[in-house]
Amino acid sequence: MKMSNMLISTLREVPAEAEIDSHKLMLRAGMIRKMASGIYNYMPLGLKVLKNVEDIIREEMNNAGAQEFLASAIIPAELWQESGRWGAYGAEMFRLKDRNDRDFCLGPTHEEVFTDIARNEIKSYKQLPLNLYQIQTKYRDERRPRFGVMRSREFVMKDAYSFDKDQDGLDISYNKMRDAYIKIFERCGIVAKPVDADTGAIGGSGSAEFMVKSEVGEDDVVFCTNCDYAANIEKAPSTPEKAEKEAYKEINKIETPNVRTIEDLIKFFNTTEKKFAKTLIYNADGKIVAVMVRGDREVNEVKLSNALGGVVDLSMASAEEVMKATSAQVGFAGPINLKVDTLLVDKEVANMYNFIVGANETGYHFENVNYGRDFEGIVGDYRNITEGENCPVCGGKITISKGTEVGHIFKLGTKYSEAMNAKFIDENGKEVPFVMGCYGIGVTRTMASIIEQNHDENGIIWPLSVAPYHVNVIAVNIKDEMQMKVANEIYEELKALGVDVIFDDRNERAGVKFKDSDLMGIPMRITVGKKVTEGQVEFKLRTSEVENIKIEEVVARVKEEFEKNKISIR
């Protein structure tokens, strides 16, 4: 396409609203424009990239034996009520009513819809295994939309659902999707590592997230420096540090006026944080619960929620709720005579000796407290693993990095098929529930993650596989007939070959054209300037130096880049 006919919306200044590089560059390169908080319009250039990512996903899903499908984005409440998630999903769900006062939602995810399709269309084991997928817009009313399309209220997602007759079949389907995802992200030009993850609101027996390392990632990802173990910190089991064994000492109540924080207590008792156990009080779906961890540890709220049976609304207790549970102000909570519905005790605390806790009395703490003698609770793993701990698989050392989730695969099992009575007739003539898997890729988030990993001070560096255009042909001086003639001939020849090419024939200075080309991330640039009289043009890769090549060598040079990248010209 000729750029004089295109909607070019590049910006020289960084918009004030943009926080991270991908957001800044998508706005500056004219890829997206904000419509409302967390809601964006995709401009022509951005839509082309989005469609290129979708095409890669589609090809690999089809190669893995999945079939494309398209469900409605408007889902009747009855399906969600069958699965038990209508009341459980929370405030992120966009809910609406039709003119007859019937409840619907804008689909945040589609487990119920696909399960409904399966129970109506699949009758026999002979129709299995089956994998259906769609690429569709999802809607989630995020509490805090941020980072552009990384966390928005409307986003494009590929979601797939497999249906098998047994667990062995699910394992095969799951591994096929895992392999397909690895190929998808490799083709998109990003490094995305599969890591163990919590199943969250989707549910099921196991899952893996595909994480892209990112300084602005919203997830903490745990890696072993010795083996291939990797997990979201929400999922990673902690390894308790062994406390030095001591004989039990007599419990003492110590006056600690205005001493509330761990830092204050360390100074007051002249000891280390490892001698304290802090008691944190939460409101969990209306019930008051407490969890104890060592003084220098952080509670893992996902583990806490799972231990409580999958809590939907978990928040720190208010000052009034703390007072009711402890008879004290905030800062003096402890496990002895605590009035809560449930007390959870991290296994590290259960193995400590003669430690210090709040006395449930304002201005007082107990010292020489021991689990089992002085209090009891439900012992488990309720904290975050920390840097330098031992790997739960090999015992090596753990490192933690920020990451962004671009894909997630789940072994759902029979969670939805049993709840929604989705069954088929097996080899023995018996009705049994489908064994299901679920597989999602954030298409718009993948697009942003590509930019996060591929950019410089001049703009985006699109991999050839997803770039909006492969080649930008630039005529330096549009008033020079020879330059325009040669530039147009190269443009037409590349276009006829199937190369996605643009011709910058705008009446702009060469510097403006070069800046726009780099900002938009076009992988190859061919500049037709003064040397055209010598039969030469400039050829430049986005991140390389300029080469002078003969006009007749241009097509071969472009083909060479496609071959290097193992990409076929369409």
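In table form, for the structure just shown:
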| quantity | calculated |
| --- | --- |
| Qualifying trypsin sites (Lys or Arg not before Pro) for the stretch 281-388 [loop in DSSP, other Cβ within 10 Å: at most 12] | LYS339, ARG373 |
| The chain - mean residue ellipticity at 222 nm from DSSP helices (-39,500 (n - 2.57) per run, n ≥ 4, rounded to 500) | -8000 deg cm²/dmol |
| Descending semi-axes in Å of the stretch 404-536, equivalent ellipsoid built from Cα gyration tensor | 54, 17, 9 |
| Distance between modelled label sites at GLN167 and LEU70, nm, 7 Å Cα→Cβ extension | 3.9 |
| Beta bridges per DSSP with both ends in the stretch 155-272, % antiparallel, nearest 5 | 90 |
| Solution diffusion estimate, µm²/s, Stokes-Einstein, the stretch 469-564, Kirkwood Rh from C-alpha pairs, 37 °C, viscosity 0.692 mPa s | 251 |
| Distance between the stretch 497-556 and the stretch 1-57 - C-alpha centres, whole angstrom | 22 |
| Estimated FRET transfer efficiency when R0 is 35 angstrom, pair ALA496-ASN62 (beta carbons, to 0.05) | 0.80 |
| The stretch 453-476-the stretch 104-119 distance, computed between alpha-carbon centres (Å) | 38 |
| DSSP beta bridge pairing in the stretch 252-380, given as percent antiparallel to the nearest 5 | 65 |
| The chain - percent relative contact order, Cα under 8 Å, separation 6 or more | 17 |
| Alpha carbon convex hull of the stretch 252-380, projected area averaged over orientations, nm² | 6.9 |
| Rounded to 5, the percent of DSSP beta bridges in the chain classed as antiparallel | 80 |
| Two-site label geometry, LEU7 and LYS123: point separation in nm, points 7 Å out along Cα→Cβ | 4.9 |
| Candidate lysines for bridging to LYS48, where Cα separation is under 16 Å - those fewer than 8 sequence places away on the same chain excluded | LYS2 |
| The stretch 304-389: GluC sites (Glu not before Pro) falling in loop per DSSP and having at most 14 other Cβ within 10 Å | GLU376, GLU387 |
| Sequence of ARG542, ARG143 once ranked by neighbouring C-beta atoms within 10 Å, starting from the fewest | ARG143, ARG542 |
| Whole-number D in µm²/s for the chain (Stokes-Einstein; Kirkwood sum over Cα pairs; 25 °C, 0.890 mPa s) | 90 |
| Computed label-point distance, nm, for sites LYS48 and ASN370 using a 7 Å Cα→Cβ extension | 7.4 |
| Extension reserve of the ASP456-LYS183 stretch, reckoned as 0.36 nm per residue once the Cα distance is removed | 95.7 nm |
| When each of LYS245/LYS397; LYS402/LYS515; LYS24/LYS531; LYS275/LYS339; LYS51/LYS550 is checked by Cα-Cα distance, pairs over 28 Å | LYS402/LYS515; LYS24/LYS531; LYS51/LYS550 |
| Compactness index (Cα Rg / 2.2 N^0.38 Å), the stretch 1-104 | 1.52 |
| Label zone at LYS324, where the point sits 7 Å out along the Cα-to-Cβ direction: the stretch 334-370 residues whose backbone N lies under 14 Å | 339-342 |
| Proximal aspartates and glutamates relative to LYS324, as straight alpha-carbon distance under 19 Å, when same-chain residues fewer than 8 apart are discounted | ASP285, ASP341, GLU361 |
| ASN337/LYS242 FRET efficiency (R0 25 Å; Cβ-Cβ; nearest 0.05) | 0.30 |
| Restricting the stretch 457-522 to trypsin sites (Lys or Arg not before Pro) in coil, as DSSP defines it, with at most 15 other Cβ within 10 Å | LYS479, ARG509 |
| Equivalent ellipsoid, the stretch 421-470 (semi-axes from 5 times Cα gyration tensor eigenvalues, Å) | 47, 11, 7 |
| Ratio of Rg to Rh over the stretch 353-479 (Cα coordinates, Kirkwood Rh, two decimals) | 1.24 |
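Taken together, the values in this text are just the output of simple stated rules run on the coordinates, not laboratory data. Source: prediction; values computed, not measured. Cβ coordinates were reconstructed from backbone atoms using ideal geometry, including for glycine residues, and neighbour counts include every protein chain displayed.
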